[in-house]
Every structure is written in structure tokens, then in C-alpha cells.
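Colleague: Below: one structure in C-alpha cells.
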Amino acid sequence: MTIIDAVILAGGMARRMGGNDKGLVELDGQFMIKHTIDRIKPQVKTILINANRNQKIYSEFGFNVVSDQHSGYLGPLAGMITALSHTQADYLLVVPCDCPLLPNDLVSKMLAQLTAEGAELAVASDGQREQPVVMLLTPSLRASMKAFLEAGERKIDYWYAKHNYVVTDFSDQPNAFINVNTPEQKQQLNQVIMTKKHESR
């Protein structure tokens, strides 16, 4: 049986949100990260939360909270490298804390394609563009990722382009990767969630 863990990336500076911790911004009555947890928890064995501040609050969700091993807010890659050193799973799912509508079949579709094509990692796509911080990868890639970051590189898509990767298409779920970078986007997303609730009644 394939074991899959997940890391939720909540370690950024969130400058466009006025410096507010994005994972702890309220959306539809609960912290943004709670929506993400609810989406991925049924799909993985264990969840890690990567956070560089408010660790005590994040720990109250009941998961292991890990802070970047590299200091200085070096971006998502730093959080991924840290998480990869805290998992014994066959694969690690990486997702951001501000994507509350992630697909319920995220892991199953990515794993199926990755396995079928013998790839090292799978990257999600909304049909229009790749989502570099939504990926499923083997922990053996940690050394390559660490060397890339330590060489001064930051862009995730530049890193995975060096590897055997597949792009998993989720264009059937166009809202799945809507994320929140500004207060305006938060309001828009609130409307999407309220509409979905209304439609499901």
C-alpha cells in the first residue's frame, strides 16, 4: 500500500494580505487553513503544517508544525525541503494554505498519472496553467531541491522542469485552485463558497 503524507505551506510573509498570516485569515467563519485541512485530510495518512510564525495556533489543529530549516523566508521551496525531512511516506503531497477548494480526488488522480508514466512528481493544472505549489513528489527529490535553493534559485517550476514530471489536469474543477492573496480575493472566494453551499442544499 502506498503511503502519502501532506504538507500545508503556511510559512510565507503574505505581503499582499497586509502581512496577515494567510492560513489564519477567516473565510466563511473559520480559518482558511481549516478549509484546506478538511479537503486533504481524507486523502492522506498524515498532515504536516509548515509555519514560521503563530506555530502555537497552528499546533491546535492537532498536526505536527515544522518551521523552515533555512532562515529568511526563502519561499515555498524552503517549506517543502523541511517537510521532506519529516516524512517517511512514499510520496508527499504539497498544497498551499490558501486554496480552500482543492479537489477531493487530488491525490488519486495525481498518483495514478505519476505511477502510470513512471514520473518522479506530478504537478496540478487547472487546464489553463500549472499550479507549482500543488504537487505530489517522492521524498528522494529533497537533495535536488535543497541544492537548487542553496544555489540561490527560488522558482519551483524551474526546479521541477529538471526532473521527470507529469502535469495532472483538473480543468473539470475550474475553481479548485482559486487562492487568496488580497482582501478583495477573499471576498470573491467567500461568495463562491456561499454559492456552493446554497447549491448543495
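Colleague: Could you say which residue among 151, 119, 147 is among the hydrophobic types (A, V, I, L, M, F, W, C), at negative phi and open to solvent by less than 40 Å² (accessible area, probe 1.4 Å)?
Modeller: 119
Colleague: Right, next: Would you mind telling me which numbered condition in (1) in contact (Cβ under 8 Å) with a residue 60 or more places away in the chain; (2) out of contact with any Leu (no Cβ under 8 Å at 6 or more places or on another chain); (3) surrounded by 14 or more Cβ atoms within 10 Å (Cβ to Cβ); (4) more than 19 Å from residue 79 (Cα to Cα) residue 183 fails?
Modeller: (3)
Colleague: Let me ask another. Could you check, for segment 90-112, whether at least one of its residues is assigned to a loop (DSSP other than H, G, I, E, B), open to solvent by 60 Å² or more (accessible area, probe 1.4 Å) and in contact with a Ser or Thr (Cβ under 6 Å, 6 or more places away or on another chain)?
Modeller: Yes, segment 90-112 contains at least one residue that is assigned to a loop (DSSP other than H, G, I, E, B), open to solvent by 60 Å² or more (accessible area, probe 1.4 Å) and in contact with a Ser or Thr (Cβ under 6 Å, 6 or more places away or on another chain).
Colleague: Separate question: Out of the residues in segment 32-66 meeting the condition of being assigned to a loop (DSSP other than H, G, I, E, B) and open to solvent by 50 Å² or more (accessible area, probe 1.4 Å), tell me which one is modelled with the lowest pLDDT.
Modeller: Among those that are assigned to a loop (DSSP other than H, G, I, E, B) and open to solvent by 50 Å² or more (accessible area, probe 1.4 Å), it is 53.
Colleague: Restricting to segment 142-159, name every residue that is among the small types (Gly, Ala, Ser) and either within 17 Å of residue 83 (Cβ to Cβ) or assigned to a helix (DSSP H, G or I) (or both).
Modeller: Once the filter is applied, which keeps residues that are among the small types (Gly, Ala, Ser) and either within 17 Å of residue 83 (Cβ to Cβ) or assigned to a helix (DSSP H, G or I) (or both), segment 142-159 yields 143, 144, 147.
Colleague: Looking at residue 83, is it touching a strand residue (DSSP E or B) at 6+ places or on another chain (Cβ under 6 Å) and open to solvent by 10 Å² or more (accessible area, probe 1.4 Å)?
Modeller: Judged against the criteria, residue 83 is not a match.
Colleague: Can you tell me which condition residue 176 does not meet? The list is (1) surrounded by fewer than 18 Cβ atoms within 10 Å (Cβ to Cβ); (2) under 20 Å from the mean Cα position of the chain (by Cα); (3) in a loop (DSSP other than H, G, I, E, B), and all the others hold.
Modeller: Checking residue 176 against (1) surrounded by fewer than 18 Cβ atoms within 10 Å (Cβ to Cβ); (2) under 20 Å from the mean Cα position of the chain (by Cα); (3) in a loop (DSSP other than H, G, I, E, B), the one that fails is (1).
The values are calculated or read from the model by the stated rules, or taken from the named source; none is laboratory data. Small disclaimer: the values here were computed from a predicted structure and weren't measured. No Cβ is skipped: glycine too gets one built from the backbone with ideal geometry, and neighbour counts run over all protein chains shown. What goes into the accessible areas is simple: the full protein's heavy atoms, side chains included, and nothing from ligands, DNA or RNA. Shrake-Rupley method; radii C 1.70, N 1.55, O 1.52, S 1.80 Å.
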